[in-house]
Number of protein chains: 2
Amino acid sequence: MAKEFVKEITAMEEDFAQWYTDVVTKADLIDYSSVRGSMIIRPYGYSLWDNIKNELDRRIKETGHENVYMPMFIPESLLQKEKDHIEGFAPEVAWVTHGGSEELAERLVVRPTSEVLFCEHYKNIIHSYRDLPKLYNQWANVVRWEKTTRPFLRTLEFLWQEGHTCHATDEDAHEETTKMLDVYADLCENVLAIPVLKGRKTEKEKFAGAKFTYTIESLMHDGKALQTGTSHHLGDGFAKAFGIQYSDREGELQHVHQTSWGLTTRVIGAMIMVHGDNRGLIIPPRIAPTQLMIVPVAQHKEGVLDFCYELKEKLGKSFRVGIDSSDKKPGWKFNEYEMKGIPLRLEAGPKDIENNQVVLVRRDTGEKLFVQAEGAEQAIAGLLEDIQSGLLEKARDLREQKTENAAGMGEFKQALKDNQGFIKAMWCGRRECEDRIKEETGATSRCIPFEQEHISDVCVCCGNKAEELVYWAKAY
Amino acid sequence: MAKEFVKEITAMEEDFAQWYTDVVTKADLIDYSSVRGSMIIRPYGYSLWDNIKNELDRRIKETGHENVYMPMFIPESLLQKEKDHIEGFAPEVAWVTHGGSEELAERLVVRPTSEVLFCEHYKNIIHSYRDLPKLYNQWANVVRWEKTTRPFLRTLEFLWQEGHTCHATDEDAHEETTKMLDVYADLCENVLAIPVLKGRKTEKEKFAGAKFTYTIESLMHDGKALQTGTSHHLGDGFAKAFGIQYSDREGELQHVHQTSWGLTTRVIGAMIMVHGDNRGLIIPPRIAPTQLMIVPVAQHKEGVLDFCYELKEKLGKSFRVGIDSSDKKPGWKFNEYEMKGIPLRLEAGPKDIENNQVVLVRRDTGEKLFVQAEGAEQAIAGLLEDIQSGLLEKARDLREQKTENAAGMGEFKQALKDNQGFIKAMWCGRRECEDRIKEETGATSRCIPFEQEHISDVCVCCGNKAEELVYWAKAY
């Protein structure tokens, strides 16, 4: 294929970070601006987010939650009400100090997360056990003053949803925390084809102000882990700080038990790094803005465009179908839609029409199939399902290949070196060991998985008795 | 009805502003927080916005626009590129001066609107006439540092969509400006049942940096006008300031011609003040989160709940149906759903079931109808249509009653006093007269309507020759 058709991207084996940057820009997902650390989400990138949002919003509503919208500014004094929370977030917030030409009497924070606003509101509207549970969610932008940023993965401003709920008992809050982690895992595995590991964060890595944090972790193509969604059991710490109480059935005042949980535009970064290859993006069919792109071949020949537009009309009833009948060369088009990761390409030219067939090309395997025009719909439906499940399968295999056990620090370092992936190792539970592992290897504790195994009796780091298995990895 | 059932609200004739505040809080649309001038949009309020958003987003996409997302922060230097624009907005922006513990080298503005960010991006991505038109939209939050605020009508932070487009010619941009004003008018009249007046803003009232601004204006129940949506023809001013050029078919470099247009959560305020009454909200059926609320009567009696839930199941296929089978008294429920403006209430008790009938009560007129259970679906469909068109009709009548002509300042003031509505009067086009009218009467020019009439030869203010008819009113 002639060079001029091809948008060049760096090979991922050569420089994974550069590969990523090339893909997000050349697939037209994002653009940079003069706003440091922020990104412009372009139409193709935004339609991905829109699809993810719709899928997740439906699940959030099906589990009984309602959407609300909270102010974006938080007065400094409000943020300070929960001690651990402000300590965790103060170093990374943006401060508004002036409105118009006036200096503000009290500085405002641009929300890094909205626990304190929800708490203030809950205090107003919760009085009785009849008011519980309160299951709220909001779709919003948030800001964290990050030093080093990368599109989708870590940006100054990002889009997310944040759920905030209040419950009568600790058990109810625990159940909610688990339920929403499962919703995230379902979204990741069954829509985005990203296999996830479910577990609990260590004390060191938990959310500022939480009793504990559940997380889903996924493994990128380069062997680094990415925290893909988190669900926090907040206990009654915020409730006590904000005085959120209800009178129970016996008329006694009780503090509520809370949760919060969030999933961000970062998940798009995960999708890119789990599925993409050296020709660009690969989008799982269930989330793809365009599932099938029709490229007419020799479109100036009589009948070709009519044939293709009829197909578009017909297939458009079952799938999200695009057609490119521009005067660009087919080679350019093939590359462009491969770069954009569109799951299937349909080609049809004079010869195909004569044979009453179409050509289907899979983005994931490159496989080319000739199918009868009449049977195209069924073939496409089957292929899209195959691609969807194939992507998940492939990602699972890669994760398995890139997961190793380690019994001691020597093995730990060697495994990390050989494999660049997840290390499974026992841990004594002490912060010192966690810190030392990070210092010596660069890997952090990703999670204490719900599915525990007992691979050794002693801590990988200190050799003392250890009962918990932890997944470790270098991480984004 | 016993007093304790009723959430008291102030009568609108007594104190319209207090009536409004009562309605937005007691219908659970909003709550206040410790963030000055901002509001919490509660689930019921947010579902209204969600419905409006869906209706408008569909229209925006049908007219060929794509959604994107721009950063929320704007570097000061970027905002200053277009002189009129910064002059207009500088007094009302929020300034971010610190990130974490560091003072920023350059201050950031929290976007009051995003023209400059779109311009910077357009400069990057537009090169040839083939790249035009570019038709982008974004759904976002924006901030304007307002001194006096009221829920939905004027808040420090609000939600909106902002369209930003680039075109090859001035005519194309003009056509877009008109088209999107028509989209807004369609949304207001055919979905929200708010009659609108279409016209052009005077030079004084136009958007900072625009060539001209088109507007839709509506009249509230108290006779004040509300600007409900605006569409700006930006000409090539921004394009010149930002250097957005394309090479035309002849290879000559040309500046693009731009538009921008926005509609905000304010439109919810308009809906409240156009349709509401002394029992609370009245929501037009097409936008109502719940169109029909089923209230079982004597629900402890055998068969009542079964009958009602079967109805809900059946009617739920055609309408957005709610049911309240809580142990609250029917009187409380009647009031609650009237306050919330749900278009229709369905009551069914043992006697109705015996007669195989249901009772339908219209929120707008209070009319009570007994219909056979089998025919309920058809009756409801008809009633919802009647309510929808009736609301628009009623609002049109009110606007007509509250619109008067004035030939001189005496008449102007008298009409404003008698009527508290729109004054139609000729204007010479001079800023002095516009300023004097505002000073003497408190009314501002709302628009120069597209549908012109010639009601006098001279300016209502100075008596000089006048050719333009202007609508004036006190406004929100």
Cα to Cα, under 16 Å, and not fewer than 8 places away if on the same chain: which lysines meet these conditions relative to B:Lys201? B:Lys211, B:Lys424, B:Lys438, B:Lys474
How big is the equivalent ellipsoid of the range B:161-287 along its three axes, where each semi-axis is √(5λ) from the Cα gyration tensor, reported in whole Å from largest to smallest? 35, 14, 10
In nm, spacing of pseudo-spin labels at B:Thr178 and A:Lys7 (7 Å Cα→C-beta vector): 3.7
Between A:Lys368 and A:Glu62, what FRET efficiency comes out of the Förster formula 1/(1 + (r/R0)^6) with R0 = 56 Å and r the beta carbon distance, rounded to 0.05? 0.90
Here the whole-number average of other chain Cβ atoms within 10 Å per Cβ of A:70-83 is 4
In debye to the nearest 20, the charge dipole size for the range B:288-352, taken about the Cα centre with +1 at each Lys and Arg Cβ and -1 at each Asp and Glu Cβ, equals 180
By per-residue mean of other Cβ atoms within 10 Å, what is the highest-first order of B:215-223, A:388-396, A:194-202? B:215-223, A:194-202, A:388-396
Translational diffusion of the range A:135-235, µm² s⁻¹ [Kirkwood Rh, Cα pairs; Stokes-Einstein; 10 °C; 1.306 mPa s]: 107
Separation between the B:Ala17 and A:Lys329 pseudo-spin-labels, each 7 Å from Cα along Cα→Cβ, expressed in nm? 7.0
What is the average number of partner chain Cβ atoms found within 10 Å of a Cβ in B:41-48? 5
Helix A:266-275: angle to the longest alpha-carbon principal axis of chain A, degrees 0 to 90, nearest 10? 50
With label points set 7 Å from each Cα along the Cα-to-Cβ direction at B:Gln401 and B:Asp186, the distance between them in nm comes to 3.2
With respect to the cross-link table entries B:Lys206/B:Lys417; A:Lys351/B:Lys61; A:Lys134/B:Lys328, which display a Cα-Cα separation exceeding 25 Å? B:Lys206/B:Lys417; A:Lys351/B:Lys61
Which FRET efficiency value, to the nearest 0.05, do you get for B:Arg249 and A:Ser247 by plugging their Cβ-Cβ distance into 1/(1 + (r/R0)^6) with R0 = 51 Å? 0.10
Do me a favour and compute the ellipsoid semi-axes for the protein assembly as shown from its Cα gyration tensor, root of five times each eigenvalue, largest one first, whole Å. 47, 38, 31
Neighbour-count ranking [beta-carbon atoms within 10 angstrom, fewest first] of A:Tyr471, A:Tyr476: A:Tyr476, A:Tyr471
A correct fewest-to-most ranking of B:Lys351, A:Lys211 by other Cβ atoms within 10 Å would be B:Lys351, A:Lys211
Footprinting proxy, B:Val470, A:Val361: sorted fewest to most Cβ within 10 Å, the residues are A:Val361, B:Val470
Quick one: the Cα spread of the range B:52-129 along its three principal axes, in angstroms, biggest first? 45, 35, 25
For peptide A:307-318, the mean count of other chain Cβ atoms within 10 Å per residue Cβ is 0
Using a label point 7 Å beyond Cα on the Cα-Cβ vector, give me the inter-copy distances for B:Asp418 in nanometres, one decimal, shortest first. 9.5
Compactness of the range A:407-473 as Cα Rg over 2.2 N^0.38 Å, two decimals: 0.97
Note the angle between two axes, namely the Cα long axis of helix A:330-339 and the longest principal axis of the Cα atoms of chain A, as a number of degrees from 0 to 90, rounded to the nearest 10. 20
Unit-weight point scatterers at every alpha-carbon of the range B:292-398, Debye formula, q = 0.17 1/Å: log10 I(q)/I(0) is -0.76
A:Lys198: which aspartates and glutamates have alpha carbons under 13 Å from its alpha carbon, excluding same-chain residues fewer than 8 sequence positions away? A:Asp182, A:Asp186, A:Glu189, A:Glu217, A:Glu451
Using a label position 7 Å from Cα in the Cα→Cβ direction, what is the ascending list of nm distances from A:Ile455 to the same site in the other copies? 8.3
At what distance in angstrom do the alpha carbon centres of the range B:212-288 and the range B:447-476 lie from each other? 22
Take peptides B:241-252, B:129-140 and line them up by average Cβ neighbours within 10 Å, highest first, as a rough protection proxy. B:129-140, B:241-252
CD proxy, 222 nm, chain A: helix-only mean residue ellipticity via -39,500 (n - 2.57) per DSSP H run with n ≥ 4, per residue, nearest 500, stands at -10500 deg cm²/dmol
Specify, per residue and in Å³, the volume enclosed by the convex hull of the alpha carbon atoms belonging to chain A. 176
Measuring nothing but label to label, 7 Å from Cα along Cα→Cβ, what are A:Asn355's distances to the other copies in nm, shortest first? 7.3
Normalised by the empirical 2.2 N^0.38 Å for globular proteins, what value does the Cα Rg of the range B:16-275 take? 1.03
Going by amide H atoms built from the backbone, whose H comes under 5 Å of the H on A:Glu468, apart from near neighbours? A:Trp427
Tell me, what is the FRET efficiency for A:Glu313 and B:Ser389 to the nearest 0.05, using R0 = 51 angstrom and their Cβ-Cβ distance as r? 0.90
Could you order peptides A:337-346, A:42-51, A:96-105 by the average number of other Cβ atoms within 10 Å of their residues, highest first? A:337-346, A:42-51, A:96-105
Pull up the cross-link candidates among the aspartates and glutamates for B:Lys368, meaning alpha carbon to alpha carbon under 20 Å and not fewer than 8 places away within one chain. B:Asp277, B:Asp324, B:Glu336, B:Glu338, B:Glu347, B:Asp352, B:Glu354, B:Glu377, B:Glu385, B:Asp386
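Just so you know, all these numbers are worked out from the coordinates, no wet-lab data involved. Since we're looking at a predicted model, the values are computed, not measured. Using ideal geometry, Cβ is built from the backbone for each residue, glycine included, and neighbour counts are taken over all protein chains shown.
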